[in-house]
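The values are calculated or read from the model by the stated rules, or taken from the named source; none is laboratory data. In this text the structure is predicted, and so the values were computed from the model without any measurement. Virtual Cβ from ideal backbone geometry, glycine too; neighbours counted across all protein chains shown.
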Amino acid sequence: MATIAGSRRVRRTAFSEGVEAAGVKGYTVYNRMLLPTVFRSVVEDYRHLKTAVQVWDVAVERQVEIRGPDAGRLMQMLTPRDLRGMLPGMCYYVPMVDETGGMLNDPVAVKLAEDRYWVSIADSDLLLWIKGLAYGLRMDVLVDEPDVSPLAIQGPLADELAARVFGDKVRDIKFFRYGMFEFGGKDHVVARSGYSKQGGFEVYVEGSENGMPLWNALMEAGRDLDVHAGCPNLIERIEGGLLSYGNDMTRENTPHEAGLGRFCSTQTAIGCVGRDALLRVSKEGPVKQIRAIRIEGDLPPCDRAWPLMDGQRQVGQVTSAAYSPDFEQNVGIGMVRLTHWDQGTDLDVVTQAGVFPAIVHETFWI
Ligand code: THG
């Protein structure tokens, strides 16, 4: 692939200087902002992520801030996950849907106060939908994108590195909870979360001017831990079944088709704009659903949806795939029709480089 041309439409981040100094080799665009995809090689980055600790520029996880007396009511309109048990200090993974039950995004919601939330979005213009609802319904809220830039610390040594910079108290943060931690004379949200299965934290850096000082402090503090710049890793996230909005599911899919039914409690999510539609379709259950897919052969990059075939009949598609060195097989994520989604079902996948055998795998790998 050729390089990405820089322009004002493709935003740099609060950490771009550090990313460049670390020798970033590839980018994608996410929420109209640069997201690194590779530093040394995808396989080297993968090995290092699983054995050491990495610092990730995930500023593309933009925040939609909802603040005001109607913040809680607006939040519940957005998602079929029941938010009544959500307290300040908690993060929730929340499928967000439109009035047809189609997925608009799969953000992490952060509850800062009874009347204040951050919605840490995946790659879609959720800000516009939320602003439209708030204005159209005359809700008493402010909705905007604050100057907040998430930085992830991921890998088995993440606790040690974070403790060196924020103090030993970070070790006590529970999964999908956050605490406030001082850096550079300012308190920041530090949550135990992140887009890998290796464990770690996400620091929601408030104020772009605080980005590089924190990046540099982490790099310095972790020198003897072999800390390195990293990024969400394609292989590791497929092994872990972490979905990518726009790739593995779109507005065409319900959360149940996306395998996110465990994050929905539609019956009690009173006010969710997609509630009626989801109740109607969830009565019968989905007719296609996300599955782990093992694929044989020497695969090209998965840069498009690959049809999954039973002979001449298309029964699904593969939307993410890569070779896993640890599992010594190609790992993939696909959407498969009910008639063919049982574990062990033999199919064929049609790629730009030919047809390969594909097998519905029992579970994701990690
Ligand atoms: N962190 C934050 N914002 C984000 C992401 C993130 N915004 C964009 C994108 N990632 C949103 N998508 C996901 C997908 C998966 C998870 C989080 C965000 C995730 N899932 C865990 C899992 O499936 O194992 C756990 C979910 C749970 O149990 O609650 O972490 O990564 N800030």
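Structure data summary
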| read-out | value |
| --- | --- |
| Elements of type strands (runs of 3 or more DSSP E) in the stretch 280-366, at least 2 residues being among the hydroxyl-bearing types (Ser, Thr, Tyr), under 24 Å from residue 46 (Cα atoms) and touching a helix residue (DSSP H, G or I) at 6+ places or on another chain (Cβ under 8 Å) | 313-324 |
| Yes/no for residue 297 being away from the ligand (no atom under 16 Å from the Cβ), at pLDDT 95 or above and over 25 Å from the mean Cα position of the chain (by Cα) | yes |
| Pick from the stretch 14-35, criterion over 13 Å from residue 59 (Cβ atoms) and among the β-branched types (Val, Ile, Thr), ranking: farthest from the chain's Cα centre (by Cα) | 24 |
| Criterion (within 22 Å of residue 243 (Cβ to Cβ), without any contact (Cβ under 8 Å) to a residue 60 or more places away in the chain, in contact with a strand residue (DSSP E or B) (Cβ under 6 Å, 6 or more places away or on another chain) and crowded, with 21+ Cβ neighbours inside 10 Å) met by exactly one of 96, 86, 103 | 96 |
| Tally, over the stretch 250-283, of residues that are of a type in the set (A, V, I, L, M) and either closer than 13 Å to residue 82 by Cβ or surrounded by fewer than 19 Cβ atoms within 10 Å (Cβ to Cβ) (or both) | 5 |
| Selection within the stretch 153-162 - away from the ligand (no atom under 16 Å from the Cβ) and either in a strand (DSSP E or B) or surrounded by fewer than 24 Cβ atoms within 10 Å (Cβ to Cβ) (or both) | 156, 157, 159, 160 |
| Residue in the stretch 30-45 that is under 23 Å from residue 263 (Cβ atoms) and either touching a Ser or Thr at 6+ places or on another chain (Cβ under 9 Å) or polar (S, T, N, Q) (or both) present | yes |
| Test: residue 335 is surrounded by 14 or more Cβ atoms within 10 Å (Cβ to Cβ), touching a residue at least 40 places away in the same chain (Cβ under 8 Å) and within 24 Å of residue 100 (Cβ to Cβ) | yes |
